[in-house]
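Below you'll find the structure, written out as structure tokens, and then a few comments.
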Amino acid sequence: MTGMRRATVAAAATVVLSGLTGAAAGCAGGSGSSGAGGGGGATVAKQGLRAAAGSVVPGAAAAQLAAPSTGTGSVSGTPEGSGGRRADISVPAPSAVIKTASLDLRVAHGKFGKAMNAATDIALRFGGYVSRSTSFGTKVHDGTIVMRIPAGRFDRARMAVERLGRPTNEVVSGRDVTRQVVNLGARLGNLESQQRALRALMRRAVSVSDTIRVQGVLQGVELQIEEIQGELNYLHDRTSMSTISIAVHEAGKRPVPPQHASAIWKDGARAAHAATEVVGAVIVGAGYVIPLAILALLVVLIGRLLAPWAAPLAARRRAPAATPPDD
């Protein structure tokens with residue numbers, strides 16, 4: 001009896017365990033189905049949000065909102081099949097910098113001419129040229145020289161100039177015009193595309209009025225192209241050739257004029273100026289009077305020379321004629 005009870009209890013326990021296992025499996029399947037349904041609903045909701053973002057936010061912002069998120073949380077706008085490359089990456093443009101230098105040099109007395117000639121030789125040695133050169137002074141000289149040097153040799157030429165004398169003041173500057181060059185290049189490319197399109201339209205024009213209309217627009221585009229090309233040429237010249245301005249001063253004492261003259265000094269200067277004017281007027285008057293005086297003196301001398309012959313002749317004319325005697 002005891003053995004039968006044990007067999008019955010074991011069979012009942014097996015049935016109960018089988019029922020619990022089946023119930024547990026059914027609960028797990030239901031929860032999985034409901035989870036799958038929830039995931040599908042979330043996917044539909046995400047798609048609706050992306051569509052709404054694309055309709056409300058235009059351009060790149062909508063693309064970023066509608067783009068799928070990656071595991072690291074980064075946003076990628078790269079389309080599939082592009083190999084991971086971004087379309088908005090451009091090649092960096094070369095830098096364009098206008099380099100200038102201005103320095104004052106003090107040279108020893110008597111070395112001014114040698115320093116100016118050496119500066120000219122430096123410009124030629126580094127592949128540049130002298131654009132302007134001035135000098136003034138008699139005993140103590142001052143001068144300026146402006147040279148254009150290739151941008152790649154700017155620093156070496158500047159250091160060579162510094163060795164010509166003692167630098168007392170130096171200013172070196174560089175102005176970056178890369179953005180301006182890039183913008184002008186983009187405008188030039190756009191205008192050239194318009195120029196080609198207008199020329200194609202002109203070739204296909206069938207009437208005189210259409211040709212004249214297209215030609216007027218084409219002339220405006222070509223004028224803009226010339227202006228932009230001129231600006232680009234100027235910027236290219238300024239960036240490819242740097243400028244070094246040198247002021248050379250010779251050592252020595254320079255006469256300093258009085259800054260604030262006294263009243264006596266001013267009156268003396270006015271008196272000297274008036275005396276100079278009077279002397280000039282006398283000289284001018286003498287130029288008129290002296291020739292006339294010489295002519296009058298010649299007349300008087302000639303009169304005196306003719307006087308001895310003129311007196312007897314006048315007396316003969318005044319004497320009565322002699323009457324002949326009667327026979």
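Does THR134 meet the test of being touching a residue at least 12 places away in the same chain (Cβ under 8 Å) and either at positive phi or open to solvent by 50 Å² or more (accessible area, probe 1.4 Å) (or both)?
no
Screening ARG175, ARG179 for residues that are open to solvent by 80 Å² or more (accessible area, probe 1.4 Å), within 30 Å of ALA115 (Cβ to Cβ) and within 29 Å of the chain's Cα centre (by Cα) leaves exactly one candidate, ARG175.
Taken as a whole, the structure leaves ALA261 outside the set of residues that are modelled with pLDDT under 85, open to solvent by less than 50 Å² (accessible area, probe 1.4 Å) and in a helix (DSSP H, G or I). Which one is farthest from the chain's Cα centre (by Cα) among residues in region 201-225 that are under 30 Å from HIS236 (Cβ atoms) and not β-branched (Val, Ile, Thr)? Among them, the one singled out is LEU218.
Scanning region 157-167 for residues that are assigned to a helix (DSSP H, G or I) and either exposed (fewer than 14 other Cβ atoms within 10 Å of the Cβ) or not charged (D, E, K, R) (or both) returns ALA157, MET159, ALA160, VAL161.
Going through (1) in contact with a Leu (Cβ under 9 Å, 6 or more places away or on another chain); (2) over 24 Å from LYS111 (Cα atoms) one by one, THR168 falls short only on (2). Just to be sure, is ARG106 modelled with pLDDT of 90 or more, more than 24 Å from ARG175 (Cβ to Cβ), outside any helix (DSSP H, G or I) and in contact with a Ser or Thr (Cβ under 7 Å, 6 or more places away or on another chain)? In short, yes. Being of a type outside the set (D, E, K, R), modelled with pLDDT of 90 or more and not in a strand (DSSP E or B) is the filter here; which residues of region 113-148 pass it? Selection gives ALA115, MET116, ASN117, ALA118, ALA119, THR120, ILE122, ALA123, LEU124, PHE126, GLY127, GLY128.
The values are calculated or read from the model by the stated rules, or taken from the named source; none is laboratory data. Please read all numbers here as calculations on a predicted model, not as lab measurements. Here the Cβ is made from the backbone with ideal geometry for all residues, glycine too, and neighbour counts use every protein chain on show. Ligands, DNA and RNA are excluded from the accessible area calculation, which covers all protein heavy atoms including side chains. Shrake-Rupley method; radii C 1.70, N 1.55, O 1.52, S 1.80 Å.
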